[in-house]
Amino acid sequence: MSDDVNPFESLQEQVDDAAAYLDVPADVIERLKHPERVLETTLSVEMDDGSIELFEAFRSQFNGDRGPYKGGIRYHPGVTRDEVKALSGWMVYKCAVVDIPYGGGKGGIVLDPREYSTAELERITRSYAAELRPVIGPDTDIPAPDVNTGQREMNWIKDTYETLENTTAPGVVTGKAPDSGGSAGRVEATGRSVMLTAREAFDYLGKEIESATVAVQGYGNAGSVAAKLIDDLGANVVAVSDSSGAVYDPDGLDARAAKAHKNETGSLAGFAGAREELTNEELLTLDVDLLVPAALENAIDGDLAPDVGADIIVEAANGPLTPDADDVLTDRDVAVFPDVLANAGGVTVSYFEWVQNRQRFAWTEERVNDELERVITTAFDNLLAAHENRDLPNFRMAAYVVAIQRVAEAAEQGGIWP
Ligand code: NAD
């Protein structure tokens, strides 16, 4: 993993690279490389022992030309202003790739949630929600879960917002628990779109996923669901990892049992259903048919990319490859299916949740999964068409070309005010 690469610079480079294939004015492209606004705030929160601790927190609203800002909230000690800006930009292009009517946003608090009690995390989250209140809302900016946040945090944010606004507004956040207005199928949505992308990718490349070997880096929400659903297609998940390291069995692992072990013990370490333990770097370089990076950004950099052993990469994490790594893998003919398509299931079902909240009408899980499959396979076909018709170097470029075209058209149609 590379800590040297600034993800915001990576995002800007990706936009510039795609712009070279588009007939969009340079000033419009320049606008699409910078967030519209970034809220930076210091939260003061009372700890269980009565002391006050300060937390640095952010919310970046990158672009709202296609609809309300939309994107997750991350709790991690490595959160930075530039990381949040980059992630909010990737949300703009992700929403445009799958053609849902949202712009992009992202938030984060610099903290390691393992160091705080549930009561402290609730106060931290409510304090953050109170700071966000003037800039979020069902028609303006709609947060969602990201790394180390989930239904619990979304329920707290919704409750704080509704209390302060003296209203009910379930559509202010997505990724809520079902009884608080969450959607059926939301928890599995990101892993499901990773599976759908992998399935379509193998089909397009004339390979059989039923006989594929698979390695998954990161075994949280995105990675573990992707592993389970890819396993259900008949593929052989041989290695999975989390921040404690990787477990490996060349004959295949039981993806569900590995998740149960992680739920019980807090990590994959010591999983009895594996034959060997590996480092994360060893997992990323395994000779497998499919690699799914599902941890954090910059997992594979230009130094590691020559050693990647997979033929196909489907990105579950946001920004897991540095631009250098992308160049190396393109030269090596490794087919990389980008985050903005592959993990877009999360935001797509968030969109379905928001639609259901606004209609006050809940869909069945079957309907959610069917609509998600339609959105992802349509987006996949549009991306392939761009790749073939414009002779683009890789699928990421195709995704950015499709997305930037859509956002640029909305930006140009709106014009500049005043
Ligand atoms: P999570 O917190 O549920 O899981 C993260 C996992 O990564 C954990 O298992 C953790 O141990 C592991 N990890 C952390 N550092 C690691 C390292 N160096 N090597 C190996 N594993 C490591 O988070 P998540 O929601 O699954 O998100 C993972 C990625 O997917 C992030 O990039 C996130 O932005 C992206 N994503 C998530 C969603 C979603 O709906 N959850 C949607 C879109 C994108």
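The values are calculated or read from the model by the stated rules, or taken from the named source; none is laboratory data. Predicted model only: the values in this text are computed from it and were never measured. Neighbour counts are summed over all protein chains in view; Cβ atoms, including those assigned to glycine, are modelled from backbone coordinates with ideal geometry. Each accessible area value is taken on the protein alone, full model and side chains, heavy atoms only, with ligands, DNA and RNA left out. Shrake-Rupley method; radii C 1.70, N 1.55, O 1.52, S 1.80 Å.
Observations on the model:
- Per this entry, A335 is not counted among residues that are within 16 Å of the ligand (Cβ to nearest atom) and in contact with a strand residue (DSSP E or B) (Cβ under 8 Å, 6 or more places away or on another chain).
- Count of region 280-307 residues which are within 13 Å of the ligand (Cβ to nearest atom) and either open to solvent by 10 Å² or more (accessible area, probe 1.4 Å) or not β-branched (V, I, T) (or both): 15
- Identity of the residue in region 146-161, more than 21 Å from G64 (Cβ to Cβ) and in contact (Cβ under 8 Å) with a residue 40 or more places away in the chain, that ends up farthest from the chain's Cα centre (by Cα): E153
- Wholly within region 315-387, helices (runs of 4 or more DSSP H) carrying at least 2 residues that are open to solvent by 60 Å² or more (accessible area, probe 1.4 Å): 323-331, 345-359
- When residues of region 76-106 are limited to those that are part of a loop (DSSP other than H, G, I, E, B) and more than 21 Å from E131 (Cβ to Cβ), the one most open to solvent (accessible area, probe 1.4 Å): D99
- Qualifying residue in region 260-279 (condition: under 29 Å from E373 (Cα atoms) and either near the ligand (Cβ under 10 Å from one of its atoms) or acidic (D, E) (or both)): yes
- When I109, I142, I136 are checked against the criterion of being open to solvent by less than 50 Å² (accessible area, probe 1.4 Å), under 21 Å from the mean Cα position of the chain (by Cα) and more than 28 Å from G223 (Cα to Cα), I136 stands alone in meeting it.
- Sole residue being over 20 Å from the mean Cα position of the chain (by Cα) and either in a loop (DSSP other than H, G, I, E, B) or under 22 Å from R367 (Cβ atoms) (or both), chosen from G191, G206: G206
- Unmet criterion (only one of (1) away from the ligand (no atom under 15 Å from the Cβ); (2) within 30 Å of L283 (Cα to Cα); (3) modelled with pLDDT under 95) for V110: (3)
- Filter pass, T377 being within 26 Å of P138 (Cβ to Cβ) and in contact (Cβ under 8 Å) with a residue 24 or more places away in the chain: no
One line per residue, one yes/no per condition, for (1) under 23 Å from T377 (Cα atoms); (2) of a type in the set (G, A, S); (3) in a helix (DSSP H, G or I):
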site	(1), (2), (3)
G171	no, yes, yes
S183	yes, yes, no
L196	yes, no, yes
F202	yes, no, yes
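- Test: V288 is outside any loop (DSSP other than H, G, I, E, B) and either under 20 Å from S10 (Cβ atoms) or in the same structural domain as S211 (by TED's automatic domain parsing) (or both): no
- Just so you know, in region 209-224 the residues that are part of a helix (DSSP H, G or I) and away from the ligand (no atom under 15 Å from the Cβ) include one that is least open to solvent (accessible area, probe 1.4 Å), and it is I209.
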